[in-house]
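What follows is a short report on a single structure.
The values are calculated or read from the model by the stated rules, or taken from the named source; none is laboratory data. The structure presented is a predicted model; accordingly, all values stated were derived computationally and were not measured. Glycine gets a Cβ as well: all are built from the backbone with ideal geometry, and neighbour counts include every protein chain shown. With ligands, DNA and RNA removed, areas are computed over all heavy atoms of the protein, side chains included. Shrake-Rupley method; radii C 1.70, N 1.55, O 1.52, S 1.80 Å.
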Amino acid sequence: MNPYFYQKLCKMDRLKLSSGLIAFGGEKGIGKTRFALKLGNHLARAEKVLFLSYQDYSEKLITDIREMDGFISDNLEVNTSMDYYGVGSFLEIIKYVEAGDFRTVIIDDLFSFNRDQFYEFDDHGRDAAVDALLYLVTQLKIRLVFNIDIHSSHQNHTPRIRDFNWSRKIVNNCSQILALYRPAHFGITEDENGNSLEDLIEIYDLKNEENRENLIQLDSKKLNILYSRTY
């Protein structure tokens, strides 16, 4: 058993979010959507949160939240009916957020936001997409979190800020960059002391307003925070 599992479960408050535009990345299939849902439900205790998904239906996402937390905050709205990225849908989001007085918007999977067409964008198009999200932040005075697939340069390395290279605007324009890492996803099931890593997920806070790197560890089932460290 990993020694961190003996730590008293901490609240999600241990994860300090910056204001502005936040990128949250990880390998495909590692659990970014579940964590984004957990985060949204937590933030909705104190503010109105809009969770936008373009790849799932709302009933499934709500079920996932209930399985993790046992409740759904009244301030959380899960919306799976918005149109894909375009001028019209962009204006629709602006009007929708203003009318609902949402303070945080979470976009699940930036690629599906545009029917997976972002993969085909040239550098200018990718930069423009990130600029559009930053415009939402500044125009609406909200926090906007989006998750995105990243690919580590080497599977034995934990995530690095250089892995967020889909657009240079991500590193330059985001006030915070978080990376999700699950050792077992890469076949690493024990640490150097023989402790099990099967149920461990790590979040690397690679860029934030305090310019301090943080490591947060969670259990993979309920995504409860087990341990955090600033270094």
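Tell me, please, whether a residue that is at pLDDT below 95, open to solvent by 70 Å² or more (accessible area, probe 1.4 Å), more than 15 Å from the chain's Cα centre (by Cα) and over 17 Å from residue 144 (Cβ atoms) can be found in the stretch 12-32. For the stretch 12-32, residues at pLDDT below 95, open to solvent by 70 Å² or more (accessible area, probe 1.4 Å), more than 15 Å from the chain's Cα centre (by Cα) and over 17 Å from residue 144 (Cβ atoms): present. Of all the numbered requirements in (1) surrounded by fewer than 16 Cβ atoms within 10 Å (Cβ to Cβ); (2) over 26 Å from residue 181 (Cα atoms); (3) touching a helix residue (DSSP H, G or I) at 6+ places or on another chain (Cβ under 7 Å), residue 85 misses one, and that requirement is (1). Listed by first and then second residue, the pairs with beta-carbon distance under 7 Å, at least 6 apart or on different chains, first residue in the stretch 95-116 and among the small types (Gly, Ala, Ser), second surrounded by 23 or more Cβ atoms within 10 Å (Cβ to Cβ) and outside any helix (DSSP H, G or I), are 100/50. When each of 151, 124 is tested for being open to solvent by 50 Å² or more (accessible area, probe 1.4 Å), outside any helix (DSSP H, G or I) and either at negative phi or among the hydroxyl-bearing types (Ser, Thr, Tyr) (or both), the lone residue that passes is 151. Note on the stretch 44-111: enclosed strands (runs of 3 or more DSSP E) holding 1 or more residues that are among the hydroxyl-bearing types (Ser, Thr, Tyr) and touching a Leu at 6+ places or on another chain (Cβ under 9 Å) are 49-53, 104-108.
For residues that are surrounded by fewer than 15 Cβ atoms within 10 Å (Cβ to Cβ) and under 27 Å from residue 69 (Cα atoms), scanning just the stretch 196-219, find the one that is modelled with the lowest pLDDT.
Going residue by residue through the stretch 196-219, those that are surrounded by fewer than 15 Cβ atoms within 10 Å (Cβ to Cβ) are 196, 198, 209-213.
Those still in the list that are under 27 Å from residue 69 (Cα atoms) too: 196, 198.
Values: 196: 66, 198: 72.
Among them, the one singled out is 196.
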